[in-house]
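This report refers to the structure that appears directly beneath it.
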Amino acid sequence: MTTDKAIRIFSDFLNSSWAIGNQLLIDRNYTSNEDSLNDWLQSNWEFLVERKILKINDHLEVYGDGADFNGASSRITDPNAVANFKIKVISKNNKPVHDVLNEEEVTLVNADFNKLIGFKNGFYIMESEFNFMLLDDKNISTERVVRLNDIEFELERL
């Protein structure tokens, strides 16, 4: 399975399981427990994406903020693992893409994948529909949000 296909299926997984999973991650005060949410996202990223696209001793960079479950490590399944691959984001047909957060057309050079997100009223949100992604633009130290339909995902060795 390609990296691109695996991440698109992960987006489908988040869209279909978000409402149910989020109910279990809400604390006693009926507020979202961010640590539990990040643990859930990281564990599913490792099991559903990382294991599907990499060999057993290879590891991806953490998903979003990573997990807090294992103390200093941001990983769930192997806390001592060091990432040797990252997700590379490439615009389709090498054309500029629309950054909906900053309302500008951008070329994706030196932009790191962070996580899948929703987008509503000019802001990115951790809610379904996960049809956007958060990128960290290293060129100007800013966050960008682009549509999944405008890009492709590939693996890059670190």
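The values are calculated or read from the model by the stated rules, or taken from the named source; none is laboratory data. Here the structure is a predicted model, which means the values were calculated and not measured. So basically every Cβ, Gly included, is an ideal-geometry build from the backbone, and we count neighbours across all protein chains shown. Ligands, DNA and RNA are stripped out before the accessible areas are found, and what is left, the full protein with its side chains, is counted by its heavy atoms. Shrake-Rupley method; radii C 1.70, N 1.55, O 1.52, S 1.80 Å.
Structure data summary
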{"read-out": "Residue within region 92-100 that is within 30 Å of ILE56 (Cβ to Cβ) and part of a strand (DSSP E or B) present", "value": "no"}
{"read-out": "Residue count for region 69-100, restricted to those that are open to solvent by 50 Å² or more (accessible area, probe 1.4 Å) and touching a Phe, Trp or Tyr at 6+ places or on another chain (Cβ under 9 Å)", "value": "3"}
{"read-out": "Hey, SER36 buried (at least 16 other Cβ atoms within 10 Å of the Cβ), at pLDDT 90 or above and part of a helix (DSSP H, G or I) or not", "value": "no"}
{"read-out": "Selection within region 47-66 - touching a residue at least 24 places away in the same chain (Cβ under 8 Å) and more than 20 Å from ILE20 (Cβ to Cβ)", "value": "LYS52, ILE53, LEU54, ASP58, HIS59, LEU60, GLU61, ASP65, GLY66"}
{"read-out": "Residue selected from region 49-68 under the condition surrounded by 17 or more Cβ atoms within 10 Å (Cβ to Cβ) and of a type in the set (Val, Ile, Thr), by the criterion farthest from MET1 (Cα to Cα)", "value": "VAL62"}
{"read-out": "All positions within region 35-54 that are within 11 Å of the chain's Cα centre (by Cα) and among the β-branched types (Val, Ile, Thr)", "value": "VAL49"}
{"read-out": "Qualifying residue in region 135-147 (condition: farther than 24 Å from GLN23 by Cα, basic (Lys, Arg), at pLDDT 95 or above and open to solvent by less than 50 Å² (accessible area, probe 1.4 Å))", "value": "yes"}
{"read-out": "Flag for LEU24 being closer than 26 Å to GLU152 by Cα and open to solvent by 50 Å² or more (accessible area, probe 1.4 Å)", "value": "no"}
{"read-out": "Cβ pairs under 9 Å, 6+ apart, first in region 86-115 and under 12 Å from ARG147 (Cα atoms) and among the hydroxyl-bearing types (Ser, Thr, Tyr), second open to solvent by 80 Å² or more (accessible area, probe 1.4 Å) and modelled with pLDDT under 95", "value": "SER91/THR107"}
{"read-out": "Failed criterion for MET1 (all others in (1) in contact (Cβ under 8 Å) with a residue 40 or more places away in the chain; (2) loosely packed, with under 13 Cβ neighbours inside 10 Å; (3) of a type in the set (A, V, I, L, M, F, W, C); (4) assigned to a helix (DSSP H, G or I) hold)", "value": "(4)"}
{"read-out": "Check on ASN114, touching an Asp or Glu at 6+ places or on another chain (Cβ under 9 Å), open to solvent by 20 Å² or more (accessible area, probe 1.4 Å) and closer than 17 Å to ALA6 by Cα", "value": "yes"}
